[in-house]
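A.B. asks: Below is the structure I would like to discuss, written out as structure tokens.
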Amino acid sequence: MSRIVCVHGIGQQHSGENEQHASWYPALADGLRRAGAAPVDEREVSCVFYGDLFRTPGRTLSVLDPPLDAEDVEDEFESDLLLALWSEAARTDPDVMPPDARTLARTPSTVQRALNALAQSRFFAGVALRGLVLDLKQVRAYLCDASVHDQVQARVAETVTERTELVVSHSLGSVVAYEALAAHPEWNVRSLITLGSPLGIRHLVFDRLRTPEGTKPGHWPGSVESWTNIADEGDVVALVKDLRPLFGERVRSLLVHNGSRAHDVTRYLNTAEAGRAMADGRGTG
């Protein structure tokens, strides 16, 4: 019966509920300590896990799968998201050559140039090309495939209980959390924290949000009383750092510095800013 529910982002297909808890909880506890706030028992924290929905199923060994490359970036959504990330990476990293009017045209060669540029950026350092393409596909699957979307949302609904006060979400998980809270105004959740969120990316993310009938993207999510959004200036995924123009002035927007791992969830969680937001969300000081 958890008071805090955590929702992970993309690239977690080889993880699990217990692994998520083992990494999130210590960082979360450190954030509370940095804020001088009361600790939380680890049994009060649960992690929604949906990464397995994106894991490639096992098969009989035959011919090895070819590595993913530019040709596997399939549709407008994937290529447009890739170009948006390239533009933001170039803005925050002087070593990344920015796209120009010619390279923004959606062509196979442009996709390859974008992948090459991101591979050289600080933000995506160490991320294999195959992993980057798979991440694009996970975002598209959640936002564009109703079956995947509904399965992910079901995992959230199974985890949130009548005692849940606070939802902490990271990356794509912030999209999942926003939609879940918007769809369930009857929940007792009063606080939402979004970390490294892509919610503000127009057309690709914001305008695709699924909200209840009679509402639209940007409406306040369900029973939430307070919402804190935290971003690192160098976090390419959190392309729009300030969510207030889209979701209203009630969103508290903060910037932190996570060093070389700008998008790392544990570096977000262990900040004093996240700790204070969690303490406020739990009604503790």
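Just so you know, all these numbers are worked out from the coordinates, no wet-lab data involved. These figures come from a predicted structure and were not determined experimentally. Positions of Cβ are generated from backbone atoms using ideal geometry, with glycine treated the same way; all protein chains shown enter the neighbour counts.
A.B. asks: What size of dipole, in debye to the nearest 20, comes out for the range 235-280 about its Cα centre when the only charges are +1 on Lys and Arg C-beta atoms and -1 on Asp and Glu C-beta atoms? Walk me through the numbers before you get to the answer.
C.D. replies: Working: 7 positive and 6 negative charges, 3 e Å.
Using only the charged Cβ atoms, the result is roughly 20 debye.
A.B. asks: In debye to the nearest 20, how big a dipole does the range 159-285 give about its Cα centre with +1 on each Lys and Arg Cβ and -1 on each Asp and Glu Cβ? Spell out each step's value before the answer.
C.D. replies: Numbers: 14 positive and 15 negative charges, 15 e Å.
For the range 159-285, the charge dipole is close to 80 debye.
A.B. asks: Can you tell me the order of 37-48, 4-15 when each peptide is scored by its average per-residue count of other Cβ atoms within 10 angstrom, highest first?
C.D. replies: Most protected by this proxy first, the peptides run 4-15, 37-48.
A.B. asks: Return the label of the correct value of volume of the Cα convex hull per residue in Å³, as calculated from the structure shown, out of (i) 143; (ii) 125; (iii) 133.
C.D. replies: (iii)
A.B. asks: Could I ask something else about it? Given +1 on the Cβ of Lys and Arg, -1 on the Cβ of Asp and Glu, and no further charges, what dipole in debye does the chain carry about its Cα centre, rounded to the nearest 20? Could the numbers behind the result be given before it?
C.D. replies: Working: 29 positive and 39 negative charges, 104 e Å.
Using only the charged Cβ atoms, the result is roughly 500 debye.
A.B. asks: I'd like the orientation of helix 272-282 relative to the chain: the angle between its Cα long axis and the longest Cα principal axis, in ° from 0 to 90, rounded to 10.
C.D. replies: Roughly 50 degrees between the two axes.
A.B. asks: With a 10 Å radius around each residue's Cβ, average the other Cβ atoms per peptide and rank 213-220, 181-188, highest first. It would help to have the intermediate numbers written out before the result.
C.D. replies: Numbers: 213-220: 12.4, 181-188: 16.5.
Final packing ranking: 181-188, 213-220.
A.B. asks: Label points 7 Å out from Cα along the Cβ direction at Ala125 and Asp80: separation in nm?
C.D. replies: Computed distance between label sites Ala125 and Asp80 equals 3.3 nm.
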